[in-house]
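**Q** Just dropping this structure here.
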Amino acid sequence: MRFRVLDAADAGDVAAWLAIWSAWPAKEVVTRPEYAQLFARPGDRAVCVVGEDEGGAILFPLILRPLALEPWARRGELRRDAITPYGYGGPFVCGGGVRDQAAFWAAYGEWCRDERIVTTFARLSLFAEQLAPMPGRVEVRSQNVVVRLDGGSEGLWRNYESKVRKWVRLAEAAGVTVEVDRDGSGLDAFFEVYTHTMQRRRADEFYFFPRSFFESIVTRLGGRFVFFHARAGGKVVSSDLVLCADEHVYYFLGGTLEEAFALGPSYLVKHRIAEWSMGEGKRRYVLGGGHEPDDGLYRYKRAFDRRGAVPFRVAALVHDEVACRELADARAAHASREGKPWRPRTGFFPAYRA
């Protein structure tokens, strides 16, 4: 088995990375180097861990985060940790995958030790058949919603809860229309609606992406994204951005103006996305989950497929237990000096980042 680590900042590595990706029928967007770079902060390193043999390949995109960047880090800190980019990731199997997966994980563990990588945290694809089994702790965190597209228009409509059908009809009767935007020409309208929505929801700072973030998607992920804009009275009142793999479409980010709630535009947008996805030959439309188990956002999404709940799993690997304890101690000591006592939240991984 050949083990190597490809760097998204190196042109030769990017070419090798994309060559493997292009030969993979699924072509999941989250495994592209440009996607990983979207979520790499200054100082981070976007890489793809690759295993290859005659059976196929494993693609495992990661962001390496220097712990020296944390305000609580001790002087001279050289260690890092690894995390999958935002969304659904993991060690994706291309072709038949590598035959000796134990050798891949042994090589990965050795590389992590050499690179002073303390932990790996992976948010995993909803489709287990896409992934090589991971060592370490794997657990179900929540349920996500996947809208099945194999039943045709009638099956799609039948799988909706009645409230979805009601809101779609209401929006259509109110004259709401939905535009398909493949080139990002409506980015300004999307950004306005999205930012308004994040402000209204008092979203975490992470979700306030700058306009340049979306510009990067438009310029670097051509053919792998689509915007859907709902208009009422000539104005964009709801807008969704989806990412497109060869078999799946993923709701990525979106929002709705509060003034338009009574028209139900978000329901019509997602209905049109599902219809469009079927026309493009996609098998599944991933809506995702909520912020907390069974919260209002999850129930809203679940209404689009009453039997569409799929477990969302995460994997946690510890490569250096001593370092984990030292880092937690360093953070606690820093917090104490600042007069803000800190203890890690139960169940958060890695604990030193809780």
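The values are calculated or read from the model by the stated rules, or taken from the named source; none is laboratory data. Because the structure is predicted, anything quoted here is derived from the model rather than measured. Cβ placement follows ideal geometry from the backbone for every residue including glycine, while neighbour counts extend to all protein chains displayed. Quick note on the areas: whole protein, heavy atoms, side chains included, nothing else; ligands and nucleic acids left out. Shrake-Rupley method; radii C 1.70, N 1.55, O 1.52, S 1.80 Å.
**Q** Give the residue, chosen from L287, L263, that is over 26 Å from R141 (Cα atoms), in contact (Cβ under 8 Å) with a residue 12 or more places away in the chain and hydrophobic (A, V, I, L, M, F, W, C).
**A** Every option except L263 fails the conditions.
**Q** How about segment 13-29: which of its residues are open to solvent by 30 Å² or more (accessible area, probe 1.4 Å) and on the phi < 0 side of the Ramachandran plot?
**A** The answer is D13, V14, A15, L18, A19, S22, A23, P25.
**Q** While we're here: Looking only at strands (runs of 3 or more DSSP E) that lie completely in segment 33-93, which have at least 1 residues being free of Cβ contacts under 8 Å to residues at least 24 places away in the same chain and of a type outside the set (V, I, T)?
**A** The strands (runs of 3 or more DSSP E) meeting that bar are 56-66.
**Q** Scan segment 295-313 for residues that are out of contact with any Phe, Trp or Tyr (no Cβ under 7 Å at 6 or more places or on another chain), touching a residue at least 12 places away in the same chain (Cβ under 8 Å) and not in a helix (DSSP H, G or I) and report the count.
**A** The qualifying residues number 9.
**Q** Going residue by residue through segment 257-273, is there one that turns out to be within 18 Å of the chain's Cα centre (by Cα) and farther than 14 Å from V147 by Cα?
**A** Within segment 257-273, none of the residues are within 18 Å of the chain's Cα centre (by Cα) and farther than 14 Å from V147 by Cα.
**Q** Just need a number here: residues in segment 146-163 that are exposed (fewer than 12 other Cβ atoms within 10 Å of the Cβ) and either assigned to a strand (DSSP E or B) or at positive phi (or both).
**A** Residues flagged as exposed (fewer than 12 other Cβ atoms within 10 Å of the Cβ) and either assigned to a strand (DSSP E or B) or at positive phi (or both) within segment 146-163 amount to 1.
**Q** Shifting gears a bit: How many residues, within segment 108-126, are outside any helix (DSSP H, G or I) and open to solvent by 10 Å² or more (accessible area, probe 1.4 Å)?
**A** 5
Conditions tested, residue by residue: (1) crowded, with 21+ Cβ neighbours inside 10 Å; (2) in contact with a helix residue (DSSP H, G or I) (Cβ under 8 Å, 6 or more places away or on another chain).
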site	(1), (2)
S238	yes, yes
D246	no, no
Y250	yes, yes
E259	no, no
A274	yes, yes
S277	yes, no
P293	no, no
V322	no, no
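**Q** Sticking with this structure for a sec: Hey, does segment 198-215 have a residue that's outside any helix (DSSP H, G or I), of a type in the set (F, W, Y), farther than 29 Å from K163 by Cβ and open to solvent by 60 Å² or more (accessible area, probe 1.4 Å)?
**A** Yes, segment 198-215 contains a residue that is outside any helix (DSSP H, G or I), of a type in the set (F, W, Y), farther than 29 Å from K163 by Cβ and open to solvent by 60 Å² or more (accessible area, probe 1.4 Å).
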